[in-house]
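The values are calculated or read from the model by the stated rules, or taken from the named source; none is laboratory data. Every value quoted in this text rests on a predicted model; they were computed, and no experiment measured them. All Cβ positions, even for glycine, are placed from backbone atoms using ideal geometry, and neighbour counts span all protein chains on display. Calculation scope for accessible area: heavy atoms of the full protein, side chains included, ligands and nucleic acids excluded. Shrake-Rupley method; radii C 1.70, N 1.55, O 1.52, S 1.80 Å.
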Amino acid sequence: MQAVFYERPGGPEVLTVREVPDPEPGDGEVLVDVEAVGVNFRDVYEREGRPPYAAGPSAVIGVEGAGTVAGTGERVAWLDVRGSYAARVAAPRDKLVPVPDGVPLDVAAAAMLQGCTARYLVADSYPVAEGDWAVVHSAAGGVGLLLTQLVRDRGGHVLATTSTEEKAELARAAGADDVVVGYDGFAERVRELSGGEGAAVVYDGVGRTTFAAGLTALRPTGRMIVYGAASGQPEPLEVHSLATHGSLYVQRPTLATYTRTPEMLRERAGAVLDLVAAGRLDVRIGDHHPLAGARRAHEDLEGRRTTGKILLQPQAS
Ligand SMILES: NC(=O)c1ccc[n+]([C@@H]2O[C@H](COP(=O)([O-])OP(=O)(O)OC[C@H]3O[C@@H](n4cnc5c(N)ncnc54)[C@H](OP(=O)(O)O)[C@@H]3O)[C@@H](O)[C@H]2O)c1
């Protein structure tokens, strides 16, 4: 089978496709024929060799996908199985979730990691209430488009940010009430829109370039949820500044916490896939490539040229 390896930590150029024997399932594992692989920012960190993402030299990269269990044909999806950029994976049974009828496997692969992230952000990190204003940064991205829809689904309002007008159009189509193109002035804009009060929550996957302004966008006791750092890590925070800004809360969450048991994974992923099946969550697949296109997919993701989800399709290789 084909699989995508990184021979050493580095840029997209270290990704290579090789022909290798099928993986051997161990205890509690099954062999899965992979239909679609999700490309995620964490794969960039894995490729760069950053702990805890890196798996060591000569590893097959990636963690997300959907496919069919060899022998039984069961349709399954996953978000935490190492070695997912491959035509077949040996997957622990308790990391697989069933895909409902009516949800195509590529859509399921696209919904898993970013959908479960969007879901815990709106339900757990800050439970969005009717009428709340939320700032959603990079709203045309994989997490951003899903998050915008889920905030609206709970009756909240969204001020989105994007880098281009084309991306802003996608954020509006996902339900954003307003969009700031270029990130400048989003704090002032959400204050205006909320009648002077400020946002109940800022969902920030961008980090370095947006974090400080985000603190000034929040209402008293508002929540800054820094779930990613696409532009780099924010400057260290002076904790006492949270008092000055109005007794704020800051969280740096990670999906692993919210899917740490098989039950939590199944509950969360099941809820996301059910929303997709019911037509209440639209999953945008921005682009797909064969496995040999992994390098290009990483270049595009890091170069801000993607919208929605990027998939690899091993069967197209
Ligand atoms: N904590 C968690 O549980 C969790 C789970 C999943 C993902 N994440 C994180 O969430 C973030 C978004 O992930 P995603 O997969 O949905 O990616 P994405 O949003 O589809 O892509 C990243 C977007 O970030 C924006 N961006 C702003 N400044 C950037 C810069 N300097 N370089 C590159 N991009 C920049 C770009 O949108 P514009 O062009 O519109 O600015 C870009 O398209 C990532 O940081 C990821 O690590 C965290």
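Net length available on complete extension from Thr68 to Arg280 is 73.8 nm, with 0.36 nm assigned per residue and the Cα-Cα distance removed.
Other residues whose C-beta falls under 13 angstrom from the C-beta of Asp124 contribute a net charge of +4, scoring Lys and Arg +1 and Asp and Glu -1. Shape class for the range 63-120, computed from the alpha carbon gyration tensor (a ≥ b ≥ c): oblate, with a/c not under 1.5 and a/b at or below b/c. Scalar couplings 3J(HN,Hα) for the range 17-26, obtained by applying the Karplus form with A = 6.51, B = -1.76, C = 1.60 to θ = phi - 60°, are 9, 10, 8, 9, x, 4, x, 9, x, x Hz; x denotes Gly and Pro. Around the amide H of Ile285, modelled in the peptide plane, lie the amide H atoms of Lys309, all under 5 Å away and 5 or more residues distant in sequence or on another chain. Local charge for Trp133 was computed over the other residues whose Cβ lies under 11 Å away, with Lys and Arg +1 and Asp and Glu -1, and equals -2. Counted residue by residue at 0.36 nm each, then reduced by the alpha carbon distance between them, the extension gain from Glu165 to Glu48 reaches 39.0 nm. Distant-in-sequence amide contacts of Gly141, defined by a placed amide H-H separation under 5 Å and a gap of 5 or more residues or a different chain, comprise Gly308. Take every pair of alpha-carbon atoms less than 8 Å apart whose residues are at least six positions apart; their mean separation over the length of the chain yields a relative contact order of 18 percent.
The average projected area of the chain, computed from the convex hull of its Cα atoms over all directions, is 15.4 nm². Computed over neighbours whose Cβ is under 9 Å from that of Leu145, the net charge equals +1, Lys and Arg +1, Asp and Glu -1.
Send over the semi-axes of the range 129-252's equivalent ellipsoid, whole angstrom and largest first, taken as the square roots of 5 times the C-alpha gyration tensor eigenvalues.
Working: eigenvalues 87, 54, 30 Å².
Here the semi-axes work out to 21, 16, 12 Å.
Starting from the Cα gyration tensor of the range 198-243, take the square roots of the eigenvalues, sort them a ≥ b ≥ c, and report rounded, prolate or oblate (rounded when a/c is under 1.5, otherwise prolate if a/b is larger than b/c, else oblate). Judged from the Cα gyration tensor, the range 198-243 comes out oblate (a/c at least 1.5, b/c at or above a/b).
Based on protein heavy atoms only, the range 114-194 ends up with 35 Å² per residue of surface accessible to a 1.4 Å probe.
The H on the amide N of Val63, modeled in the peptide plane, is under 5 Å from the matching H of Ser84, each at least 5 residues off or on a different chain. The modelled label-to-label distance between Glu263 and Ala243, using points 7 Å beyond Cα along the C-beta direction, is 4.1 nm. Each of the peptides 199-206, 29-36 was scored by the mean count of other Cβ atoms within 10 Å over its residues; in descending order, highest first, they stand as 199-206, 29-36.
Given axes a ≥ b ≥ c from the Cα gyration tensor, I'd like to know whether the range 1-104 is rounded (a/c under 1.5), prolate (a/b larger than b/c) or oblate.
prolate
Per residue of the chain, the DSSP helices (runs of n ≥ 4 H) give a summed -39500 (n - 2.57) that works out to -8000 deg cm²/dmol at 222 nm.
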